[in-house]
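The values are calculated or read from the model by the stated rules, or taken from the named source; none is laboratory data. Keep in mind that what you see is a predicted model, and the values were worked out from it rather than measured. Every residue, glycine among them, receives a Cβ derived from its backbone with ideal geometry; neighbour counts consider all protein chains shown. These accessible areas exclude ligands, DNA and RNA; they are computed on the full protein's heavy atoms, side chains included. Shrake-Rupley method; radii C 1.70, N 1.55, O 1.52, S 1.80 Å.
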Amino acid sequence: MNNTEVKINSGQVIIPLIVGLISAILVMYIFFSGEKTNFENLALGDGTASYYATSESHKIHCTDIEDAHLCLEGHFKRNLSDAVLWLGNSQIHGINKFRPDQESAPLSLFKMLQKKGIDLVTFSQPNASIQEHYVLFEYLKSRIHFNVFILPVVFDDMRENGIRSSLSKALHDPETAESLKKTDIGMRILKENNNVNQNDSSPDIAGVKDTIQESFEQTVNKWLKDNFSLWEIRPEIRGKFYVFLYKLRNLILGIDPTSKRHIIRGTYDANMMALRAMLDSARAANIDVIMYIAPLRNDIEIPYVPEQYELFKDEVERLALKKNTAFVNLEDLVPGHLWGTKESTKLGGKPEYDFMHFQHEGHRLLSNALYETLRKEYILSKR
Amino acid sequence: MIFNSVTYLIFLMVVVLLYWMLEQRSRLVMLFIGSLIFYAFWRIEFLPVMLLSVITDYIVALRIYNTKEHKNKKLLLLISLAVNLGLLIYFKYLLFFANNAIGLMNFMGITADPLVLNIILPLGISFYTFQTISYTVDVYRGFIKPERDFILYSCYVTFFPQLVAGPILRAVEVIPQLSRRPKFEVSFLGIGLRRILYGLFLKVVLADNIAPMVDAGYGQPLEHLSAIDVWTLAFLFGFQIYFDFSAYSHIALGSARLMGISFPENFNFPYLSVSPRDFWKRWHISLSSWIRDYLYLPLAGRQVQDRSTGGIETSPGTQSNQWKLGALYTTWAIMGLWHGASWTFLIWGLYHACFIFLYRIVTPLFKNLSENTRVLGGWAVTLPVIMLGWIPFRAQNMSVVMGMFSKILQPHEYLWLGLRENTYVLAAFILLAIIITYLIKRFIVPAYSRQPLLSIAGESILFSIIIGLVFVFLRPINQFIYFQF
């Protein structure tokens with residue numbers, strides 16, 4: 001090493017570092033210091049907007065436990081004896097070709113149920129897994145009384161694993177943890193997320209947890225955030241970098257929304273276990289459940305392996321039968337023309353088919369279908 | 001203190017500034033105190049443990065040098081070994097050996113309760129004890145004279161860049177550099193910063209982003225993993241640990257270089273090795289060289305060396321073949337256990353011993369092949385064998401190890417996939433990237449370096465990307481994997 005270094009000219013060693021530093025800072029300032037990116041909308045695509053409904057200044061549709069208090073406030077204020085809980089993924093908060101005068105399925109259903117004196121509280125997160133629904137279900141079950149629980153079962157969500165940090169804080173809630181401990185999958189979720197501390201202000205410094213360095217690192221980071229705008233937007237740049245890699249991968253490998261998504265066996269089984277556990281827990285608490293196969297775009301070939309998708313639907317239906325739970329298959333509910341396109345998932349690509357989010361009219365069809373199911377099967381039939 | 005943090009960068013800046021500002025004596029005192037602060041930022045309560053090892057070997061080495069009688073020298077050496085290995089055994093192996101002994105007793109019908117002790121492993125203990133042992137053994141062997149200046153000697157052992165995860169250096173490589181004040185050169189800063197940036201890039205951009213995929217894969221129940229998944233996870237963990245550990249070495253080398261001190265290289269494209277012997281000359285070179293000089297060569301009855309380079313070498317020696325075979329397996333069993341008190345690490349060590357042994361047997365069969373065929377064939381065999389070896393290194397327990405190995409032997413387990421698609425894409429991409437990086441370093445960089453302007457332009461682009469990514473990803477979300485050893 002020394003021999004090589006002797007030959008190296010100092011300028012040749014140091015200049016690229018200085019030029020690199022200046023250009024890196026310039027690039028970050030120019031390209032990343034502008035308006036903040038809403039990654040949820042970015043994931044939904046350009047043509048789709050997030051819609052978390054409110055009623056009389058209270059949220060009726062929330063994301064997870066971080067904003068749950070906003071929905072619970074309204075629920076307690078309305079003080080209705082019957083209530084429905086609806087959990088889901090971005091399909092129920094994403095409206096394709098959204099216009100300001102339109103509303104989402106949760107708001108339409110909320111309005112219909114209010115007329116019957118029944119409350120509705122909805123929670124949804126993008127790419128929510130059934131395991132996450134299970135955690136949120138147990139968390140909410142100990143906080144609000146609801147008679148009916150609506151759960152969409154989405155094939156894509158069966159490929160999702162893990163508990164996002166905004167939900168994992170629920171695992172530190174004693175009642176939620178106690179409920180989860182009763183099942184194998186609940187124990188597994190608790191075990192896999194046991195290092196997530198509810199009081200951790202920043203998982204960014206998990207590597208120095210419980211060391212003298214921890215507080216020093218926190219103080220320095222706070223100072224840097226307060227004084228340097230570039231430091232503050234680092235998470236934003238990271239997010240954009242991941243999106244760039246995702247689009248680059250799709251471009252190189254020719255992946256788009258129509259590409260076949262296979263079952264990931266381990267994740268699928270874990271989600272099925274969570275589904276079974278949730279149904280058992282609901283039954284034990286005298287909560288009626290409506291499971292539905294989520295609407296799927298049917299004017300083009302579906303992005304799943306047909307045999308796997310059929311097996312999935314069959315398994316969910318058999319489970320509903322076994323657990324004496326209402327089941328409706330709404331996969332063909334929304335006709336093809338009510339779906340749309342989204343921004344390309346490839347670098348520099350054209351708009352692509354959106355298989356998850358439909359237009360306002362589709363939301364109306366969904367809320368009507370669910371209202372009808374509630375009318376036939378449950379509390380509405382008693383009124 | 002963890003390297004991948006803002007705290008370390010501030011600490012390093014202050015130390016380097018003081019280093020070049022202070023006079024020789026104050027500089028050494030500052031380095032010693034700085035190193036203790038560096039260590040205490042992790043857990044202050046383990047400072048006395050480290051200082052015990054440091055002080056013991058300082059005194060013992062001086063005594064060995066001043067003692068005339070060989071018998072007394074040997075006794076003093078044994079004291080040093082007893083203290084250092086005693087610390088290692090207590091903190092690292094006591095629970096493992098005790099609970100295995102208790103398990104055996106229970107198996108034989110003698111009832112005994114498992115030992116319950118809350119022993120926390122002091123950071124870097126496996127590294128600094130090996131370093132102090134090498135110092136005392138080298139004095140005992142007459143390779144070096146003991147250092148009388150306690151501060152200078154202590155700086156050698158506790159020098160913060162290499163304190164907690166190596167490289168494991170010899171006194172002869174460090175003490176002379178610390179004792180002479182080098183003249184400041186801008187190139188020290190340039191080269192040091194480059195190495196630190198490479199290291200941070202490998203750690204915070206690559207290793208830390210691979211980690212969640214590896215954790216998710218190894219967290220799956222075995223029945224959800226196919227044979228292809230096992231291979232993929234073996235490769236992916238192989239990449240993670242390489243990036244993680246070589247990152248540490250890069251930052252250590254770079255930090256030392258900022259002060260004009262050169263450390264020998266600890267890694268050299270290990271996954272392009274063409275034989276197990278070649279691999280151990282490219283992977284964690286300072287440890288394999290330590291094992292070579294303080295364990296394997298003495299056991300095999302051959303003259304040892306006094307440098308932390310070169311890695312494991314075969315030895316004709318003076319002993320019988322059976323003896324040398326015993327030395328090989330003993331060495332590798334200890335090498336495995338050095339990494340951790342677990343059967344899985346022992347299996348990892350013995351796996352490598354078997355691979356080396358087989359290599360020695362089959363090599364003569366291919367001596368008539370062309371050089372290119374041997375190199376390519378050697379790489380095609382060595383890479384997957386080395387990668388499979390990471391399974392026991394990473395797996396939680398022996399049943400997982402056996403389960404994963406059995407998967408790869410079953411043909412029907414190759415017919416399905418159980419991981420997210422990105423996992424396979426990433427593993428394939430990294431393998432390709434390593435090969436391309438090597439080819440660029442071997443063929444394109446030398447050509448570019450003859451044209452200064454092109455070289456500066458190319459490097460400026462490279463460093464703007466590296467600096468940008470390191471800036472964005474720098475956060476201590478994970479420790480270095482080798483901190484647990």
### Message
Going residue by residue through region B:454-471, is there one that turns out to be within 28 Å of the chain's Cα centre (by Cα), more than 11 Å from every other protein chain (Cβ to nearest Cβ) and within 21 Å of A:Leu251 (Cβ to Cβ)?
### Response
no
#### Entry: Members of region B:406-446 that are away from chain A (no Cβ under 14 Å), free of Cβ contacts under 8 Å to residues at least 60 places away in the same chain and open to solvent by less than 70 Å² (accessible area, probe 1.4 Å)
B:Ser406
### Message
Suppose we keep only residues that are under 17 Å from the mean Cα position of the chain (by Cα) and among the hydroxyl-bearing types (Ser, Thr, Tyr) within region A:73-116. Which one would you say is surrounded by the most Cβ atoms within 10 Å (Cβ to Cβ)?
### Response
A:Ser104
#### Entry: Positions within region B:188-202 being within 10 Å of chain A (Cβ to nearest Cβ) and under 15 Å from B:Tyr482 (Cα atoms), in sequence order
none
### Query
Is region A:318-337 home to any residue that is in a loop (DSSP other than H, G, I, E, B), open to solvent by less than 10 Å² (accessible area, probe 1.4 Å) and under 17 Å from A:Ile150 (Cα atoms)?
no
### Task
Please identify the pairs in which a residue from region B:136-151 that is over 17 Å from B:Ser179 (Cβ atoms) and in the same structural domain as B:Ile175 (by TED's automatic domain parsing) has its Cβ atom under 8 Å from the Cβ atom of a residue that is open to solvent by less than 20 Å² (accessible area, probe 1.4 Å) and among the polar types (S, T, N, Q), counting only partners at least 6 apart or on another chain.
B:Thr136/B:Ser80
### Query
A:Ser168 is checked against (1) under 30 Å from B:Leu123 (Cβ atoms); (2) touching a helix residue (DSSP H, G or I) at 6+ places or on another chain (Cβ under 6 Å); (3) surrounded by 24 or more Cβ atoms within 10 Å (Cβ to Cβ) and fails just one. What number does that condition carry?
(2)
#### Entry: From the options B:Val60, B:Val29, residue that is touching a residue at least 12 places away in the same chain (Cβ under 8 Å) and surrounded by fewer than 18 Cβ atoms within 10 Å (Cβ to Cβ)
B:Val29
### Query
What tally of residues in region B:327-374 results from selecting those that are out of contact with any helix residue (DSSP H, G or I) (no Cβ under 7 Å at 6 or more places or on another chain), in contact (Cβ under 8 Å) with a residue 24 or more places away in the chain and open to solvent by 60 Å² or more (accessible area, probe 1.4 Å)?
1
#### Entry: region A:262-276, subset of a type outside the set (S, T, N, Q) and under 18 Å from the mean Cα position of the chain (by Cα), residue farthest from the other protein chains (Cβ to nearest Cβ)
A:Leu275
### Task
Would you confirm whether any residue within region A:304-314 is assigned to a loop (DSSP other than H, G, I, E, B) and open to solvent by less than 20 Å² (accessible area, probe 1.4 Å)?
no
### Message
Tell me whether region B:144-153 contains one or more residues that are of a type in the set (A, V, I, L, M) and under 18 Å from the mean Cα position of the chain (by Cα).
### Response
no
### Query
Is it the case that B:Leu76 is buried (at least 17 other Cβ atoms within 10 Å of the Cβ) and assigned by TED's automatic domain parsing to the domain that holds B:Pro146?
yes
### Query
Does B:Asp244 satisfy being touching a Lys or Arg at 6+ places or on another chain (Cβ under 7 Å), part of a helix (DSSP H, G or I), closer than 22 Å to B:Ile477 by Cα and touching a residue at least 60 places away in the same chain (Cβ under 8 Å)?
yes
## Note on the structure
Note on region B:375-397: residues surrounded by fewer than 16 Cβ atoms within 10 Å (Cβ to Cβ) and more than 21 Å from B:Gln240 (Cα to Cα) are B:Val375, B:Leu376, B:Gly377
### Query
Going by the structure shown, is A:Leu251 in contact with a Gly (Cβ under 9 Å, 6 or more places away or on another chain) and either more than 8 Å from every other protein chain (Cβ to nearest Cβ) or loosely packed, with under 15 Cβ neighbours inside 10 Å (or both)?
yes
